[in-house]
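The block underneath contains the structure these notes are about, expressed in structure tokens.
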Amino acid sequence: MNETSNDLPLPDGIRARMIDNGNGLSMHVLEAGFDIPGRPCIVLLHGFPELAYSWRKIMKPLADAGFHVVAPDQRGYGRTIGGIASFDTDLEEFTFPNLVRDVLGLVSALGYRRVASVIGHDFGSPVAAWCALIRPDIFASVVMMSAPFAGPPAFAFNTANDDARLARVETAQSLMAEAVAGLASLDPPRKHYQWYYSGAQANDDMWHPPQGLAAFLRAYYHMKSADWPDNDPHPLASVSADQLALLPTYYVMNADATMPQTVAEHSPDADQIAGCAWLSNRDLNVYASEYARTGFQGGLNWYRCGTDPSLAAALRMWSGRTIDVPSCFIAGASDWGYYQRPGDFEAMRVLACTDFRATHLIEGAGHWVQQEQPSTVVSRILRFLRQNAP
């Protein structure tokens, strides 16, 4: 558990080290507030295509409020060692129960039997939700960011009694798969990015894009941020191909396009890059250099678990379980993420979470909310945590 010889441009008060999580990983972890023993712990879980570094702007402010703040590179990402981040690997490694084990092992290695809050952004959001759902004894609260959690997939109910109304399980998973399949029949044909990410070609497309890796990531981050003026999210009327096709092309792509081709059409110009206050070229180069070394397959394997019906069905072990610890949701007001799966946002607040406290939609932020508007995110997190303090 030695400190690494760190070359990341980290803010003062943040250190990096490698920690064996007891679940097959040597995790690269960023920490703030580590110098005072006995502080309550907060765990921050990043999404795709991000890293622990994505939390750099909010870690020290949270630590200054009295917390030990921990942000790992998750399985398949960055400098974390272990797991097979190839297309041919056993996907069980990347399922939610094992990602929860990764977090449990990390906090145990750090000497915590209870965590004040687990906070996840993008794909880290459902990991945080599953942590709180499966082990509420460990994770005292949960903050979900950008990606709502609609609850575990359900079993069909009361079918043995010939209740025809419930003979078909209309879960988000089954309806979404049908809608996605229908995208190919539209004019022009479309495809869903999560299914594209689940294919064998996506890693190479993004690892070796024609415009270069840094330019691809710059365009991808730009298009999903509040800087791109076409981000004006609103609820979709139904889970159908026609409605999904209203989403921006970074979510519902043209059928013949790669992701680098999709975002290249909306790349920021030199003035927009120079005026981007939330992502400097230095910070962009951290992502570009890390992904140039690792590729994207580790993160893409998470998407493959989500689009594999058998792995989704295995999560029915928790059918009917709810998140009963205090919970809240934070997203950028310009983020389509909370509407991209119709019904999930409402299901999170009404069904999946029994102690849901607040929704915060933050102006001036798109998908990368903790990087675009870090001060506001910190204030909302601290307000939530103070409400739950013993």
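The values are calculated or read from the model by the stated rules, or taken from the named source; none is laboratory data. Keep in mind that this is a model prediction, so the values were computed, not measured. Every residue, glycine as well, gets a Cβ built from its backbone with ideal geometry; the counts of neighbours run over all protein chains shown.
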Only listed residue being at pLDDT 95 or above and among the β-branched types (V, I, T), chosen from V286, V239: V286
Hits in the range 13-33 - residues which are under 12 Å from H68 (Cα atoms) and of a type in the set (D, E): E31
Residue check, A312 in contact with a Cys (Cβ under 9 Å, 6 or more places away or on another chain) and outside the structural domain of P229 (by TED's automatic domain parsing): yes
Which listed residue is modelled with pLDDT of 95 or more and of a type in the set (K, R), from R316, R304: R304
Considering residues of the range 104-156 that are in a loop (DSSP other than H, G, I, E, B) and aromatic (F, W, Y) only, the residue farthest from the chain's Cα centre (by Cα): F155
Every residue from the range 172-227 that is under 23 Å from the mean Cα position of the chain (by Cα) and among the hydroxyl-bearing types (S, T, Y): S174, Y193, Y196, Y197, S198, Y220, Y221, S225
Matching option when the condition is assigned by TED's automatic domain parsing to the domain that holds M144, surrounded by fewer than 23 Cβ atoms within 10 Å (Cβ to Cβ), among the basic types (K, R) and over 20 Å from T376 (Cα atoms), among R56, R79, R75: R79
Residues within the range 100-113 that are free of Cβ contacts under 8 Å to residues at least 60 places away in the same chain and either touching a helix residue (DSSP H, G or I) at 6+ places or on another chain (Cβ under 7 Å) or charged (D, E, K, R) (or both), tallied: 2
Search result, residues across the range 347-371 that are surrounded by 15 or more Cβ atoms within 10 Å (Cβ to Cβ) and in a helix (DSSP H, G or I): A347, M348, R349, A352, V369, Q370, Q371
Selection count, the range 372-390, where residues are in a helix (DSSP H, G or I) and buried (at least 23 other Cβ atoms within 10 Å of the Cβ): 4
Options A219, A226; residue that is at pLDDT 95 or above and farther than 17 Å from Y291 by Cα: A226
Test set (1) surrounded by fewer than 17 Cβ atoms within 10 Å (Cβ to Cβ); (2) part of a helix (DSSP H, G or I) - G24 fails condition number: (2)
The range 288-314, subset buried (at least 19 other Cβ atoms within 10 Å of the Cβ) and aliphatic (A, V, I, L, M), residue farthest from T95 (Cα to Cα): L300
Index of the failed condition, I84 passing every other in (1) at pLDDT below 95; (2) closer than 21 Å to L311 by Cα; (3) out of contact with any helix residue (DSSP H, G or I) (no Cβ under 8 Å at 6 or more places or on another chain); (4) of a type outside the set (D, E, K, R): (3)
Test: residue in the range 257-274 that is modelled with pLDDT of 95 or more and farther than 21 Å from A226 by Cα: yes
Selected residue [charged (D, E, K, R) and not in a loop (DSSP other than H, G, I, E, B)] from R75, R17: R17
